[in-house]
Each structure stands twice: as structure tokens, then as C-alpha cells.
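The values are calculated or read from the model by the stated rules, or taken from the named source; none is laboratory data. Predicted, not measured: the structure shown is a model, and the values here were computed from it. Every residue, glycine among them, receives a Cβ derived from its backbone with ideal geometry; neighbour counts consider all protein chains shown.
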Amino acid sequence: MNKPLHPDQLRNLVPLDGLSPRQLWELRVQIAPLALAAGQILQLGSTSATRHYLMSGSVLFIDSDGQQRRLVAGTPAALHSLSPSQLGEVRALEDCQLLTVDGMELERLLSWRQALQDVLLQLSMDGEDSEWLERLLENPLFAQVPPANIRSMLSRLVEIEAPAERALIREGDGGDCCYFLKSGRAQVLKAAGSGEQLLAELEPGACFGEEALLEERPRNASVVMIEDGSVLRLARADFLELLKAPVVGDVSLDDVADLLGCGAQWLDVRLLDDYEQGHAMQALHMPLHLLRLKTRLLNPQRPYLCYCESGKRSANAVFLLTQLGFTAYALRGGLDALSAEDRAALLWERGSGYLARSDGRVERSL
């Protein structure tokens, strides 16, 4: 149980069974195993927000009134947690394995899921395609968007019929909107010599065109419909207000030490010259315009701390990483917000720095 659990191992636990598959995948990396040897006692108290689930073995639960009951792993009763509200102690009757779950994080995910279900129910009553919305909202970026923003976003979308072979986005054009594919399929193409290279195929629920909005650069690829379908257009201003702003989390320099202690990794999203003149300890160089291509080298179970000069590029990097299922934070205010002393203390390493390998290793470059 040292490796993160697969969602299938969690979906029968109560109340984890109320979470979506995406939320279970997100929560699994925050669940820790706990071993109890035979005779060992686990104290329960109302001040703890931790939930405990018995996964193997058996325990004796003694409540605050002295009442005793035996709990055996694999039984219906063991699907429920020993929650903070249950004052008392748990004594292992044999060697046991438990899972510890952050109760506050679980409550946050459950509250968001319930609010989202209320939104979906209302929209389905208004005649919206709830199945398509479910697929759309499985995108990781929506896990941090307030349901009220989602409702507002849906009211601002403009539906456009898109016949086969229609180019929705052309490489090199400016970006003033992004799209959500409602029906049909599309392909992402990039110029290569005298022809085009196929980068990806998009299914209903996909969001595309957002990179030009984030980076304020021309479109880096074309998107062409493969078959008849429809798309929903979201203007740049609405995208920045409703989606990007709530998704991007940031941290102060004072909070960084705790995250690094939990295994977080620095990402420097500046240009190479800036990186080589000084970067954070063991920071990976991931310039913003190459970030999406380089994410295959990152570990989705590890938090990432992004920084740049003004904080703008790092905020965009956090949005892109979040959309791809990563946990990421931007350094609040960027390097410009630091004092000269703090900046020098942070960017003390110089040179070509570190590389990420496809197996998840980080090593010093030569």
C-alpha cells in the first residue's frame, strides 16, 4: 500500500462513493496507509479531521461510553469510516492496515460534487444535454471552478454548427476565443514542411484554443472538423473571468517550504537565458510555450511550483497544468514581488540546471 491506490479500490467506501471518477483519482494521492500491529491502539478525537478506513485485519472499537464492537475488514460495516465524531479508541486484534483520509479535503470534494449535481439537474430541466455536460465537466480544470461560474459560462457560450472539413482554428491566427466540442470529432494539425502533421483527435467535451488566450500568442495549430458536429464558443474575456481566475492557485514564499517538504518541485517557466542566470534549487526549466509538450515528463502525483518574473506566465502555466490533471501553484506576485534578499536566496543556483526524464527522475544536466 505504498503506491497511490487505484480509484476502483476507493469507490465502495462511504462517502467516497459519492465522488466522480475524476475526484477519486484526485483524492487517491492524498490518502496515506496506516499500519497497526496486533494490540496497538489508535486514539480517535473530535479535534482531528482525519477519517480512518479498515482495509485488512480486525479491530475492537471502544466508544466513549465503554461500548465495544468488533470491526472486520471486508464487511459492510468496514465500508464506513471511523470518523472524528466517534470519540474513543481502536485496538487492533491482529496486524491491520488502515487508510487515512483528509476529512476536510473529502468534504470539499463532496460539497463541490453536490453543487455541480444541482447545476446539472437544473440545466437538464431546462433542456440542456446533461450527458455532454458530464463529459465536459470531467476535465480536471473544472474541479476548481465554482458551480456558479460554470452556470454563468454555459449561459455565455455561443453554439456554432461545424460541418466536416471546416477549419475552426487556423495556425498563425490571433486568438480571441476558445471552443468546446459539443458533437462530432475534430483533428489538431500543425504545419510540417509542405504538409501537415496530425497532433491529436478531439472527442465531444474537449476544450481547445485556450493556449493562444493564455500565452497571448498566435494559434500554434489548426483544428479541423472530421465529421459534422457543433462547437460552443467562449469569448476571451469570459474565459479569463470565469475559468482561468478561479483555477489558478498561488502561494507565498513563506508557504513554499511546507510544499517542498511534501515533495513539490519547482518549475521555471522563463526563457533559457533567465533560467541559466539563476534559478531555484533543483528547478526544472519548462518555458511556457513548450510546457504542454513537456508535461509527459512530469509526475502527476507530485505538486509543482511555477514562477516567472511578473507572475503572469506562471499563472498561465498553472492553468495549463491543472487542465491536464496536475496539482500546481504559482509563486504569488512572481519574482518581482520579492525583496532583493529573498530573490537572491531563491535563485541561487546557476547554469543549465536540471532535466526531467520520462521515468519521472530529475537529474542534473551537464
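The single condition among (1) crowded, with 19+ Cβ neighbours inside 10 Å; (2) hydrophobic (A, V, I, L, M, F, W, C); (3) without any contact (Cβ under 8 Å) to a residue 12 or more places away in the chain that Leu198 does not meet is (1).
So which residues in the range 19-37 are modelled with pLDDT of 85 or more and surrounded by fewer than 13 Cβ atoms within 10 Å (Cβ to Cβ)? Selection gives Ala37 alone. The set of residues in the range 236-285 being hydroxyl-bearing (Ser, Thr, Tyr) and either touching a Cys at 6+ places or on another chain (Cβ under 8 Å) or surrounded by fewer than 17 Cβ atoms within 10 Å (Cβ to Cβ) (or both) consists of Ser252 alone.
Please work out which one of (1) farther than 20 Å from Gln144 by Cα; (2) among the basic types (Lys, Arg); (3) without any contact (Cβ under 8 Å) to a residue 60 or more places away in the chain is the condition Lys294 fails and give its number. Failing condition for Lys294: (3). With a requirement of 2 or more residues that are touching a Phe, Trp or Tyr at 6+ places or on another chain (Cβ under 8 Å), the strands (runs of 3 or more DSSP E) lying completely within the range 147-219 that satisfy it span 167-169, 177-183, 186-192. Please indicate, with yes or no, whether at least one residue in the range 289-301 is in a strand (DSSP E or B) and either crowded, with 19+ Cβ neighbours inside 10 Å or in the same structural domain as Gln30 (by TED's automatic domain parsing) (or both). Within the range 289-301, none of the residues are in a strand (DSSP E or B) and either crowded, with 19+ Cβ neighbours inside 10 Å or in the same structural domain as Gln30 (by TED's automatic domain parsing) (or both). Checked against the criterion of being out of contact with any Cys (no Cβ under 7 Å at 6 or more places or on another chain), assigned to a loop (DSSP other than H, G, I, E, B) and under 27 Å from Cys207 (Cα atoms), the range 311-319 contains one or more residues that satisfy it. In this structure, is Gly325 closer than 30 Å to Ala206 by Cβ, of a type outside the set (Ser, Thr, Tyr) and in a loop (DSSP other than H, G, I, E, B)? The answer is yes for Gly325.
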